[in-house]
């Protein structure tokens, strides 16, 4: 038996601080219905990277998916190593780079942000065989105002072609035929210090650096809640501040959340929302947008929340 046949077919990789375990449970419930339904237990795993978990949440996750693999994430850098985007997100934004080491054990890995809901069958992605699949931002190209500041763009563009289709790191599928994948994790973490940029910028230049054959996951796999195709989409992504648990209604998310509550999981999003509103009031009077955003991120991070 060759090494390929010893590997499991697929893993679902999820990463989140423990106080958003409810969102992780929601994605797993959807994956059981619409991703893993045709597989045997020995063919797949769910891997969850986190910082810490309340006992109720850990029990709920194991009730929903008894074989879940829970790993504590310790980033190989400190907050002070990065002066830019990590002040807005958290170190957990970079956890997706662990995907490269996981390719030793899986033929494919699907990474998903936890502010997503699976609402239709996506099991066909298990049969996709190119190096890498990723969805694009709606305009298909870099939007400097939203995705990257001009100074960073000019710095990166000296070595990489950034005027090409740009992938959204919120969802991607990677196969173990990704070129030189054993080198990729260390390379990605190194770029954090070099460029002081977010996980998404690094992932996009990684695809060029390693010469990966990159294919597109259509908008149906990464659909915004206000899209015209939302009812037909396979996966809906509550990108931005208006999450499913902060006012954006999605019937599939609500149904999954009922299962989470029945499993004994905590509804920490109610308490988290109150904390966010308080932080927003504190920083609102700061006139400079960039400074306000950094202070907001700092305050949120110090109470265990991300800026998203």
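A few remarks follow.
- Exposure proxy shown here: for 153, 36, the number of other Cβ atoms within 10 Å sets the order, fewest to most, as 153, 36.
- Global form of segment 147-204, assessed from the alpha-carbon gyration tensor, a/c cut-off 1.5: prolate
- Of 72, 171, 216, the sequence from fewest to most neighbouring Cβ atoms within 10 angstrom is 72, 216, 171.
- Three-way shape label, segment 162-247, alpha-carbon gyration tensor, a/c 1.5: prolate
- Burial ordering of 131, 237, fewest other beta-carbon atoms within 10 Å first: 131, 237
Laboratory data are not the source of any read-out in this text; all were calculated from the coordinates shown. These numbers were taken from a predicted model, which means no experiment stands behind them. When we count neighbours, we look across all protein chains shown, and the Cβ atoms used for this are built from the backbone with ideal geometry, even at glycine.
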